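A.B. asks: Structure in C-alpha cells, see below.
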Amino acid sequence: MSDVKGLTRKERSERTRRAIVRAATEEFRASGYHGTTMAAIARRAGVAVQTVYFVFHTKPLLLTAAIDQAVVGDEEPTPPELTGWWQEGISTKDGHRALEVFVANVAVIEERAALLDRVARAEAMTDPEVLGVLVHHERLRVAGFRSYLETFSARGLLRRELALDEATDVLLTLVGSTTFLEFTEGRAWSIKRWTSWTTATLAGLLLEPT
C-alpha cells in the first residue's frame, strides 16, 4: 500500500482496515462465502494474510464488517439514521415524499449490500456463526425501519387500520435485499424503475388516503 507518508499510525491502520474490507466485499460478491479465502482477500488488499487475521481474526467478522461498510458507506461512513435524507424523511408532512426519500436512498445502500446479504443468507443455512451475523444485521434493519415508520404514526400518515408491526413487515419485505435483487437482477429492472414502483406500491399500502 503506497502513498502513506504523512499519515498518523491511526490513519494508516484505518486505511488498511478499509482496504481489507473493500477487498473482502469484492471477494464475497465474486466467489461467495466458501469460495472466499483470507489469502485471496489479502492479495486483493495488497497486505499480508497475517494482517487480515490480525485485524479481523475470522471470516464471519470480515463478513460483518463488509455488510456494515456497505450500509454506512466507505469514505465518509454515516449510519442512515444520521443522514440528511433520513432527517428529511422523518420531518416532512408529505407521506409520499417521505417514502420516496427512503426508497431512493435505501436503493443506494442495496446496490452495495444486497449481494452480501444474499451471500450471508445462503451460508447461514449451515454455518451458525454466519447465522449470527445475519441475525445481528436483520435486528438492526428491523429497528431502523420501524423507527422510521413510527414517525409516520406520529404525523398521522399511516393508514388508521394498519398496525405499526404490520407496516414494518411490509416495508422490510418490499425494500429488502431479496426483493431488490429479484427485480433488478432477476427481472432486469433499472434502479429508477424499481424505486418508482416500490414508492408507489408502498404509498398505496401504507399511507392514509387523502
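The values are calculated or read from the model by the stated rules, or taken from the named source; none is laboratory data. Model, not experiment: these values are computed from the prediction. As a convention, Cβ positions derive from the backbone with ideal geometry for all residues, glycine included, and neighbour counts pool all protein chains shown.
A.B. asks: Residue check, LEU62 against (1) within 24 Å of ARG193 (Cα to Cα); (2) over 14 Å from the mean Cα position of the chain (by Cα); (3) not assigned by TED's automatic domain parsing to the domain that holds LEU171, all met but one. Which one?
C.D. replies: Here LEU62 meets the rest and fails (1).
A.B. asks: Of all residues in the stretch 76-130, which are part of a loop (DSSP other than H, G, I, E, B) and free of Cβ contacts under 8 Å to residues at least 40 places away in the same chain? Can you show your working first?
C.D. replies: Residues of the stretch 76-130 part of a loop (DSSP other than H, G, I, E, B): 76-79, 83, 92-94, 125-127.
Within the stretch 76-130, GLU76, PRO77, THR78, PRO79, THR83, THR92, ASP94, MET125, THR126 meet the criteria.
A.B. asks: Tell me which of these GLY6 doesn't satisfy, since it passes every other one: (1) over 19 Å from the mean Cα position of the chain (by Cα); (2) at pLDDT below 95; (3) under 19 Å from LYS59 (Cα atoms).
C.D. replies: Exception for GLY6: condition (3).
A.B. asks: Tell me the residue from GLY132, GLY156, GLY144 that is surrounded by fewer than 16 Cβ atoms within 10 Å (Cβ to Cβ) and within 29 Å of PRO77 (Cβ to Cβ), please. Before you say what the answer is, go through the steps one by one.
C.D. replies: On the way: GLY156 fails: within 29 Å of PRO77 (Cβ to Cβ); GLY144 fails: surrounded by fewer than 16 Cβ atoms within 10 Å (Cβ to Cβ).
After ruling out the rest, the residue left standing is GLY132.
A.B. asks: Let me ask something additional. Need the failing condition index for GLU182 against (1) more than 17 Å from the chain's Cα centre (by Cα); (2) over 14 Å from GLU111 (Cβ atoms), just the number.
C.D. replies: Unmet condition: (1).
A.B. asks: For the condition part of a loop (DSSP other than H, G, I, E, B), outside the structural domain of ALA107 (by TED's automatic domain parsing) and either of a type in the set (S, T, N, Q) or out of contact with any Leu (no Cβ under 6 Å at 6 or more places or on another chain) (or both), what is the one hit in VAL47, VAL71?
C.D. replies: That would be VAL47, the only listed residue that is part of a loop (DSSP other than H, G, I, E, B), outside the structural domain of ALA107 (by TED's automatic domain parsing) and either of a type in the set (S, T, N, Q) or out of contact with any Leu (no Cβ under 6 Å at 6 or more places or on another chain) (or both).
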